[in-house]
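The structure appears right after this line, and notes come after that.
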Amino acid sequence: MNLKKILTLDSVKVGLTGSTKQEIIEELIDIIVANGRNLSRDVLLKAVMEREKQMSTGMNNGIAIPHGKTDVVTDLHVVIGVSQKPVDFASLDKKPARIFIMTISPKSQTGPHLQFLAEVSRLLGKDEVCRKILEAKSSGDILKIFLEGRA
Amino acid sequence: MEHGDSLIHLMTKLVFQLSIIIIAAKLFGFLVSRYLKQSSVLGEIVAGMIIGPFALGSIPLAMFGGESLFIIPHGAAIPIMPELEGFATVASIVLLFLSGLETDLKTFLRFAGVGALVGLGGVIVSFFLGAGSAILFIPGVSHWMEPKALFMGIIATATSVGITARILSEQRELSSPEGVTILSAAVLDDVIGIILLAIVVGLTKTGSSGGVEWSLVGSIALKAVGFWLGSTVIGIVLAPRLTKRLKRLKDLDALAMISLGLALLLAGFSEKAGLAMIIGAYVMGLALSSTDVAEDIRHRLEGLYNFIVPIFFCVMGMMVDFAVMRKVLGYGLLYAALGVAGKLVGAGGFSLFGGFNLRGAYRIGAGMLPRGEVTLIMASLGLSTGVLDSGLFGVAVIAMFISSLVAPPVLLRAFKGGSGYKGEMAEGGDSELKSIGFEMPSEALAGFVLTRLLEAFREADFFPRRLDHQNPVYTLQKDAVHITLYLDGANITCNVPPAQESFVRLLLTEEILSLKELFRSVEKVAESDSVERNIIGNLFESNEQND
């Protein structure tokens, strides 16, 4: 999967301001709504929260992957966000999260969404990459890490 | 009226024969797979031998006016009634249609390099060993272009990797360099075997005898390859459009049956074109193999397969004449040994040129050993066309038995120890597979979850393909990525290359979560009894008011 086609400067954000899981998710959805065309914030939020209800998407090592499926989108939408202060995300390892990867995909097309998450999680599996992302000062820096980390 | 009477008599007999065949085949198949841990096919063949016209089936019975159940028709090449032979013929078409349908053309093309080398090596060496043994040991055969020698040659080439695929998936070696090579080599092996058969049948029908007329051989070969290639290419181009139209029926059962109908049609045409029927059936399967409904067609033909294929193997067993078999036992054992040697030396040996070391070569050779239905179909074709006598048919049966018995233990032992590949396999072929497994509370639930997982992988653009008719073993394929998924009791196991591990873990998690959602809704039905109350409610209701 070519991350270059999916990730742009607009889909990466440093310095998220939310301090709760709900706030972080809403903040990320606002970015997707701003980047997309005619996307209903409520529908996206509902899709993501429904998935969170089944099982929290807080993974290990301060990474969370909130995602949802809804047919108001026709293709994959992603946003990557980093927060300066750790936020409790009900994670698997009980540690608070700082790196958030959100995807919204159509109900029938789970392939690209899983492929994207798999690609990203392969990068985030390296401590070195995580450290660099947390230290990054701008969206451009993070984008660079993801696009270069691939090679 | 007399004709009607004799027809009824004949049909009654056919019904009795089928009944005995089906019951015996299923019983012996079950016993052999349950207690001897061998393929049930062997049991079905043995059942045929026991109930057939050369054993129990020859006992005169009063109910048939002193005739035996299985009489040998006068002057026929095959010792069974033509009516029964009809069933076996349809079965061979079903078998080859499914065999074509299960062909993995994409994998084959992806690993065509080494796979082609190995498949070709196995075919060439086996063919010449088989044909050579005919020249040396069959009286009256002096040249390898004679029909008998040709038939013994092509019978030696057939490989059936069903058994190998099952063992390799159990050993988690299916995606190893050796495993992938065996699977793609087997595709080529089938294709070359079928083309060779087409040529040989063509030659036999024109009555070539000894003297080699190369122009005749050339023209027949050209026609055979032309028919095969032409119909395959046309089929592959037309199949997706055809299935797209047929999908509009919104009835996958109808689609599966129409596909089978087309397989029979092409089988008939290929016979008319001077080739064998099974070639057309195989080509039709091959054409449909790359369409997205291939697995659905296969699944829907399973019932037919379970009915007719044991009949086929049982009838094959019935054709074994013990009196003649005793005379050819020596040659049969030699032929079987040459068959093993041909695959080890040919397939294994040629893999040495493809980057494998001796250990890898041995594994690949061992993986190509098992023989199955194609061997028997080829042999019965030889018998029915009068090229082979019942002795040589017996030889083919011996070879099939021995290879099927020898292959599993040899294969298991071969895959112990270190790597058999010299270099690093390209991406997607890592031999270090990650295994992800989980257990369900019951086998029934595990089966249900498995079908859901297959559907989820399909949605993620993977092509699931069932490898074994008897066991739920699947490969899921997307470009060069191979994942195996199989069910063992209530356990679901997924073997993935490391690069795909996180993808598969995510997919499995999401699917389990959505299943849980489904189960919760089932729970709602389970908690309240309103549904069954509504259904059963009025059972003992007084109906006096209604009167």
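The values are calculated or read from the model by the stated rules, or taken from the named source; none is laboratory data. Predicted model only: the values in this text are computed from it and were never measured. Using ideal geometry, Cβ is built from the backbone for each residue, glycine included, and neighbour counts are taken over all protein chains shown. Just the protein is used for accessible areas: all its heavy atoms, side chains included, with ligands, DNA and RNA removed. Shrake-Rupley method; radii C 1.70, N 1.55, O 1.52, S 1.80 Å.
Just want to confirm a number: the relative contact order over chain B, from Cα pairs under 8 angstrom separated by 6+ residues, in percent. Walk me through the intermediate numbers first.
Numbers: 894 pairs, mean separation 103.1, N = 547.
Relative contact order here is 19 percent.
Shown in residue order for the range B:180-189 are the 3J(HN,Hα) couplings computed by the Karplus curve 6.51 cos²θ - 1.76 cosθ + 1.60 at θ = phi - 60°: 5, 5, 4, 5, 6, 5, 5, 4, 5, 4 Hz (x for Gly and Pro). Across peptide B:514-523, the average count of Cβ atoms from other chains found within 10 Å of a residue's Cβ is 1.
Determine the relative contact order of the range B:434-531: mean sequence separation of Cα pairs under 8 Å and six or more apart, normalised by residue count, in whole percent. Don't jump to the answer; show the numbers that get you there.
Working: 121 pairs, mean separation 28.3, N = 98.
RCO, the range B:434-531: 29 percent.
Can you classify the protein assembly as shown as rounded, prolate or oblate using the Cα gyration tensor, where a ≥ b ≥ c are the square roots of its eigenvalues, rounded means a/c under 1.5, and otherwise it's prolate if a/b beats b/c and oblate if not? Please list the in-between numbers first.
Values: a/c = 2.51, a/b = 1.70, b/c = 1.48.
Cα axes put the protein assembly as shown in the prolate bin.
Among the residues of A:100-112, the average count of other protein chain beta-carbon atoms within 10 Å of the residue beta-carbon is 2. As a rough guide to protection, the peptides A:82-89, B:41-48 ranked by mean Cβ packing within 10 Å, highest first, stand as B:41-48, A:82-89.
Modelled spin-label separation between B:L333 and B:R245, with each label point placed 7 Å from Cα along the Cα-to-Cβ direction: 5.8 nm. Place a point 7 Å from the Cα of B:L539 along the Cα-to-Cβ direction; which residues of the range B:496-531 have their backbone N under 19 Å from it? Counting only backbone N, you get B:526-531. Note on A:D88 and B:S435: with the Förster distance fixed at 22 Å, the Cβ-Cβ geometry gives a FRET efficiency of about 0.05. Applying the Karplus relation 6.51 cos²θ - 1.76 cosθ + 1.60 with θ = phi - 60° to the range B:280-291 yields 3J(HN,Hα) values of x, 4, 5, 4, 4, x, 4, 4, 7, 4, 9, 7 Hz, where x marks Gly and Pro. Rounded to the nearest whole Hz, the Karplus-based 3J(HN,Hα) values (6.51 cos²θ - 1.76 cosθ + 1.60, θ = phi - 60°) of the range A:62-69 follow the sequence x, 10, 10, 10, x, 8, x, 10, with x at glycine and proline.
Within chain A, DSSP assigns beta bridges of which about 45% are antiparallel (rounded to the nearest 5). Per residue, the range B:434-538 exposes 49 Å² of accessible surface when a 1.4 Å probe is rolled over the protein heavy atoms with every protein chain present. Amide H contacts of A:V12: A:I80, each under 5 Å away and 5 or more positions distant or on a separate chain (H built 1.01 Å from N in the peptide plane; Pro and chain starts excluded). Roughly what percent of Cα-Cα pairs across chain B reach past 37 Å? It works out to 35 percent of all Cα pairs.
State the Cα centre-to-centre distance between the range B:257-303 and the range B:328-391 in whole Å. Cα centroid to Cα centroid, the span is 26 Å.
A 1.4 Å probe run over the protein chains yields, for the range A:3-144, 48 Å² of accessible area per residue, whole-number rounding.
Would you mind calculating the relative contact order of chain A from Cα pairs under 8 angstrom and at least 6 residues apart, reporting the percent as a whole number?
RCO, chain A: 27 percent.
Peptide A:113-123 has a mean of 5 when you count, residue by residue, the C-beta atoms of other protein chains within 10 Å of its C-beta.
When shorter helices are ignored and each DSSP H run of at least 4 residues is given -39500 (n - 2.57), the per-residue value for the protein assembly as shown at 222 nm works out to -20500 deg cm²/dmol.
Chain B against chain A buries an accessible area of about 1200 Å², both chains summed, 1.4 Å probe radius.
Using 0.36 nm times the number of residues separating B:K516 and B:S142, minus their current alpha carbon distance, what extension gain do you get? Display every interim value, and only then the final one.
Details: separation 374, 0.36 × 374 = 134.64 nm, distance 6.99 nm.
The B:K516-B:S142 span can extend by a further 127.7 nm.
Residues B:M318, B:M277 ordered from highest to lowest accessible area at a 1.4 Å probe: B:M277, B:M318. For the range B:82-414, please report how many Lys pairs fall under 19 Å Cα to Cα, leaving out neighbours fewer than 8 apart on the same chain. Number of lysine pairs found: 5.
Please list A:123-133, B:289-299 highest first by mean number of surrounding beta-carbon atoms within 10 Å per residue. Don't skip to the end; give the middle numbers.
Numbers: A:123-133: 15.2, B:289-299: 19.4.
Result, highest mean Cβ count within 10 Å first: B:289-299, A:123-133.
For B:K416, a cut-off of 15 angstrom between C-alpha atoms picks up these aspartates and glutamates, skipping any fewer than 8 places away in its own chain: B:E170, B:E173, B:E178, B:E432.
What ranking, highest mean first, results for peptides A:61-69, B:349-357 when packing means the other Cβ atoms within 10 Å averaged over each residue?
On the way: A:61-69: 22.4, B:349-357: 20.1.
Highest-to-lowest ranking by the protection proxy: A:61-69, B:349-357.
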